[in-house]
Structure formats: C-alpha cells, structure tokens
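Below you'll find the structure, written out as structure tokens, and then a few comments.
The values are calculated or read from the model by the stated rules, or taken from the named source; none is laboratory data. Keep in mind it's a predicted model, so treat the numbers as computed, not measured. Backbone-built Cβ (ideal geometry, glycine too); neighbour counts: all protein chains shown. Only protein heavy atoms, including side chains, enter the accessible area calculation; ligands, DNA and RNA are left aside. Shrake-Rupley method; radii C 1.70, N 1.55, O 1.52, S 1.80 Å.
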Amino acid sequence: MGNNWLNLANKVMIVTGGSAGIGNSIVKKLLEEGVLVANFDLKNNDQINHKNYFFYKVDVTKKSEIERQVEEIWQTLGRIDGLVNNAGIALPGMLVNPDDTGKYELTEEMFDRTIAVNQKSVFLLSQAVARKMIKQQSGVIVNMSTESAREGSVGQGFYVGTKGAINSMTCTWAKELGKYNIRVLGIAPGIMEETNLRSVNYEKALAFIRGVSIEELRKGYVNASSIPLGRAGKLSEVAEVVAFYLSDHASYLSGIITNIAGGKSRG
Ligand SMILES: NC(=O)c1ccc[n+]([C@@H]2O[C@H](COP(=O)([O-])OP(=O)(O)OC[C@H]3O[C@@H](n4cnc5c(N)ncnc54)[C@H](O)[C@@H]3O)[C@@H](O)[C@H]2O)c1
C-alpha cells in the first residue's frame, strides 16, 4: 500500500518459516511497511534482500536455538513487537488403510514430527517471546492455523490435529496475556495458491487416500464448489490480514481465529 496507514515502521517482528510460501509473503508485506523482520527458518531465501531483513537459521523445534536468537534480538534491537508462528508441515496419512498393507497410514514418527514442528514450536516461540513482551507491556502473537482444523480433512489427521491445538492455545494465551497488553490471534487459511506444502508426494498420498486421481485433486484446488468466492486464495491475501492484525488498527482484537478461506467452511 505504501501510505503508512498501518503504522508499523521500525517495529521489530519475528516470522517463522519466512523463506517460502505464506511466510515469505508475510515477510515481504512487513518489509514494505517498514518493519524490521527476523525470519527464523531452516534455510534463507536469497531473493529477499532488504536492509531491514534479518535471517536467523533456527529449527523451530529446538528450544535452545529459539531462546538464543530471541535473546540476541532483544539485546540488539531492544524490543519485539510481533511474532508470527507460521512454520508448519503437512504429512498426509490415513488412520487405517483397509487393504492391510499399511501404505499411506499415519505412523508414530509422523505424529512426533508433526507435533514438534507445528505445535511445540508455537509453544516454545510464544513462551520465549511473551517473556519479553511482558517486560515491554505490549505485543502481538499471530498463529497460523488452517480452516480445515474445525471440520476435519480426509488424510490430514495429524496436520489438522495440531492446528486444532493451536486454536485452543491461541484462545488460552489471549486470556492469560491480555493483562499485559499482549494480543494473541489465529489465522486460518483455506485453499491457497500453491506452496511447497503441496509436494508431489503429498498430492500422491492425498489422492490415494481420497480415492481420486492427482488431476482430480488438483482441479478441486482451483475450481472448488466448496469455496463461495470460487477461487483459491492468494498468499498476499493472508499477509494483508496478518499485517493488519499486527497493527494498532486491530487493537481490540484478541483470542479469535479468523478464516481466510473465501467463505469456505468445510474441509
Ligand atoms: N498453503 C496452504 O494452503 C495453507 C493453508 C492453511 C494453512 N497453512 C499454514 O500456513 C503455514 C505456512 O505454510 P506454507 O504453505 O507457506 O508452507 P511452505 O512449505 O511453503 O513453507 C513453510 C516454511 O517453513 C519452514 N520450516 C519448516 N520446518 C521448519 C522448522 N523445523 N524450523 C524452521 N522453519 C521450518 C520451511 O523451510 C518453509 O520455509 C503453515 O503453518 C501451514 O500449515 C497453509
């Protein structure tokens, strides 16, 4: 937008998983608004080149790495105004494959990995950052959920399970942190334009589990009758709302999960 309406210039914000997909779109939007952005990701995105952009190689499942980098930002920049818990993975699988082969069934390893990346990371980051936000008596935490967490989604039991947990943690921490002038919000995107989340193996597994061809699965993304607005969402349409929620224009919003899903309400 470029007219500074959001008033975010010089604020300090951490985005996890900012090197690709939705996170990258959020990083770009915040940089446009003059925010000092710290991207916590496993690898950098070399295409982002901006004086206010800082990359920190962080595995969001690792408490020690998170705490070290949060402390470094606090020591060097003196404040942390926003945290966007965006990093996430989706490992598709069904509870039971009736053909007895075990193919595409959920496993214990997939459970542990999904919980660690999607849910534990939100706990570890929120705790480390909220300790600082309480000191400064202000801050906003935005957690990335999914629209399908409320309705369920065939072949995505662990993924939506962690997102349902994120919804509940969001509402709880909004209640705990409100007295320190800290807002906690959830964002629940629906069917979006393609990101790395949708790999070929992911599509193969979901198509198998849902009993459709990969082509039919893909058609559903762009022409889903379940989406009233009749199209997939743009990543920038998520970033716009996240930036607004991080701004003082949303100063009385907390403890809610907002669908950004074109009116879709069933997964
Ligand atoms: N794409 C969608 O359609 C969609 C829909 C609803 C919700 N979401 C949610 O939005 C978020 C972003 O999804 P996306 O589609 O942009 O995914 P993506 O795979 O394109 O990007 C995810 C980013 O997270 C990073 N990441 C993964 N594991 C990490 C770890 N252990 N430590 C640090 N960084 C790590 C990756 O390196 C990558 O840069 C996720 O939480 C996802 O569940 C996405």
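Worth a mention:
- Test: residue in region 129-146 that is open to solvent by 40 Å² or more (accessible area, probe 1.4 Å), in contact with a Ser or Thr (Cβ under 8 Å, 6 or more places away or on another chain), part of a helix (DSSP H, G or I) and touching a residue at least 24 places away in the same chain (Cβ under 8 Å): no
- Listed conditions (1) open to solvent by 20 Å² or more (accessible area, probe 1.4 Å); (2) in contact with a Ser or Thr (Cβ under 8 Å, 6 or more places away or on another chain); (3) closer than 21 Å to Ile115 by Cα are all met by Lys163, apart from (1).
- Subset tally (residues that are modelled with pLDDT under 95 and either on the phi > 0 side of the Ramachandran plot or of a type outside the set (D, E, K, R) (or both)) for region 230-260: 2
- Checking each residue in region 167-198 for being in contact (Cβ under 8 Å) with a residue 60 or more places away in the chain, in a helix (DSSP H, G or I) and in contact with a strand residue (DSSP E or B) (Cβ under 7 Å, 6 or more places away or on another chain) picks out Asn167, Thr170, Ala174.
- Qualifying positions in region 191-207 - near the ligand (Cβ under 8 Å from one of its atoms) and of a type in the set (A, V, I, L, M): Ile191, Met192, Leu197
- Filter pass, Ile214 being under 27 Å from Ala9 (Cβ atoms) and among the β-branched types (Val, Ile, Thr): no
- When residues of region 147-166 are limited to those that are in a loop (DSSP other than H, G, I, E, B) and either out of contact with any Pro (no Cβ under 6 Å at 6 or more places or on another chain) or free of Cβ contacts under 8 Å to residues at least 24 places away in the same chain (or both), the one nearest to the ligand (Cβ to nearest atom): Ser153
- Among strands (runs of 3 or more DSSP E) entirely within region 14-111, having at least 2 residues that are open to solvent by less than 20 Å² (accessible area, probe 1.4 Å) singles out 36-41, 82-85.
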